[in-house]
Amino acid sequence: MMARLIIISLLLLGLQVPGTVSAQRVRMSYAGTTGFNVPFWLTHEAGLFRKYGLSEELILISGGATNIQALLAGEIQFANAAGSAPIQATLQGADVTIIATSYKLMPYALVVGKDIRSPEDLKGKTIAVSRLGGITEVAGRLAFEKLGLGPKAMTFIQAGPDAPRIAALQSGAVAATLLAPPGLFAAASLGLRVLADLGDLGIQYPTSVNVISRRYLAQNRSAVKKFLMAFAESLRLYKQNKQFAIEVMRKYTKINDQELLSKTHDYFVKNTALMPFTDAAIIKNGLPAGKERERKPTDFFDNSVLEELIKEGFPGVVTR
């Protein structure tokens, strides 16, 4: 079924089915299974990396910071992660840069246990995040601001992916967690309650970015260009073929609820960029308090390869 959908999707886009030409081997990672990762997975599943001359190995490395460590160690060449990880790494002197940003809104909600009725009930309790210092902690602190809670109102603990955090919330082991679709919708179906939905606020944030080392960009610019050509194709495919996108999401999230997958696709696709440029404004929003005056936003990203594709008239990458 998946193979058939891939071929049909490529033909609809006017693409050739990938062949067996010699390709440059690269390793790529993704940091989690939230719905904004789908275009990255889809690029792989549709054979678009191979179409543009990359032979990729795709691996899950939980947590943005761990992805950056693997990138700097040369264990991977490309990482798909939340912007908080490369921003923090750059502030600490790491030689990394964001080359594309496909989702630019904060999609997380503060989900609480059944015994929590008001923000006051959260004080002194424990909140689970995927990784300390990661995007879910950033989302939690934004939610605290919205609810009038101080930054130390709750104790943050690191608890990994959505499923164990939802289980901890159900059992009462924690009082709250941060979730984005599809985990957010799954939690709601279990009767867990949303106390604050950051997605309703339209907060701009570099939620889904592609990251490389600046050294790799300097030494392997052609490979980076191939990556972005493939990714640009995938963003069109993601918008044009909902069923294929859902099947890809099903494979990586291990969720079989068709309605939940469909809702997740609809939630993300409307605000996913066809042009994955990184904007200075969203980088400023991603900087820790007080750091926005110390560093220029352009220290954190490099749009030059995407600009090259525009100048060359690459299909689907023609305007901002």
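Side notes on the structure shown:
- Scanning the range 64-80 for residues that are surrounded by 22 or more Cβ atoms within 10 Å (Cβ to Cβ) and over 11 Å from M28 (Cα atoms) gives G64, I68.
- Flag if L122 is buried (at least 19 other Cβ atoms within 10 Å of the Cβ), in contact with a strand residue (DSSP E or B) (Cβ under 8 Å, 6 or more places away or on another chain) and of a type in the set (A, V, I, L, M): yes
This table checks each residue for (1) at pLDDT 95 or above; (2) hydrophobic (A, V, I, L, M, F, W, C); (3) surrounded by fewer than 24 Cβ atoms within 10 Å (Cβ to Cβ).
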site: F185; (1), (2), (3): yes, yes, yes
site: L217; (1), (2), (3): yes, yes, yes
site: K239; (1), (2), (3): yes, no, yes
site: E259; (1), (2), (3): yes, no, yes
site: K263; (1), (2), (3): yes, no, yes
site: L274; (1), (2), (3): no, yes, yes
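- Scanning the range 120-148 for residues that are under 27 Å from S208 (Cβ atoms) and touching a residue at least 12 places away in the same chain (Cβ under 8 Å) yields a count of 18.
- Residue match in the range 309-320 (condition: modelled with pLDDT under 95, outside the structural domain of S208 (by TED's automatic domain parsing) and among the hydroxyl-bearing types (S, T, Y)): yes
Residue-by-condition table, conditions (1) surrounded by 16 or more Cβ atoms within 10 Å (Cβ to Cβ); (2) modelled with pLDDT of 95 or more; (3) not assigned by TED's automatic domain parsing to the domain that holds G140:
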| position | (1), (2), (3) |
| --- | --- |
| A176 | yes, yes, no |
| L179 | yes, yes, no |
| P182 | yes, yes, no |
| G191 | no, no, no |
| V209 | yes, yes, yes |
| S213 | yes, yes, yes |
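- Any chance G140 is at positive phi and outside the structural domain of F268 (by TED's automatic domain parsing): no
- Residue match in the range 301-314 (condition: buried (at least 18 other Cβ atoms within 10 Å of the Cβ) and in contact with a Gly (Cβ under 7 Å, 6 or more places away or on another chain)): no
- Selection count, the range 75-93, where residues are part of a loop (DSSP other than H, G, I, E, B), more than 13 Å from G133 (Cβ to Cβ) and in contact (Cβ under 8 Å) with a residue 40 or more places away in the chain: 3
- The range 195-207, subset surrounded by fewer than 17 Cβ atoms within 10 Å (Cβ to Cβ) and assigned to a strand (DSSP E or B), residue nearest to the chain's Cα centre (by Cα): Q204
- If you go through the range 116-140 and keep only what is within 22 Å of N80 (Cβ to Cβ), of a type in the set (A, V, I, L, M) and not in a loop (DSSP other than H, G, I, E, B), you end up with V129, I135, V138, A139.
- Exactly one residue out of K284, K270, K251, K239 is assigned by TED's automatic domain parsing to the domain that holds L48, of a type outside the set (S, T, Y) and in contact (Cβ under 8 Å) with a residue 60 or more places away in the chain: that is K251.
The values are calculated or read from the model by the stated rules, or taken from the named source; none is laboratory data. Predicted model, so just to flag it, every value in this text is computed and none were measured. Virtual Cβ from ideal backbone geometry, glycine too; neighbours counted across all protein chains shown.
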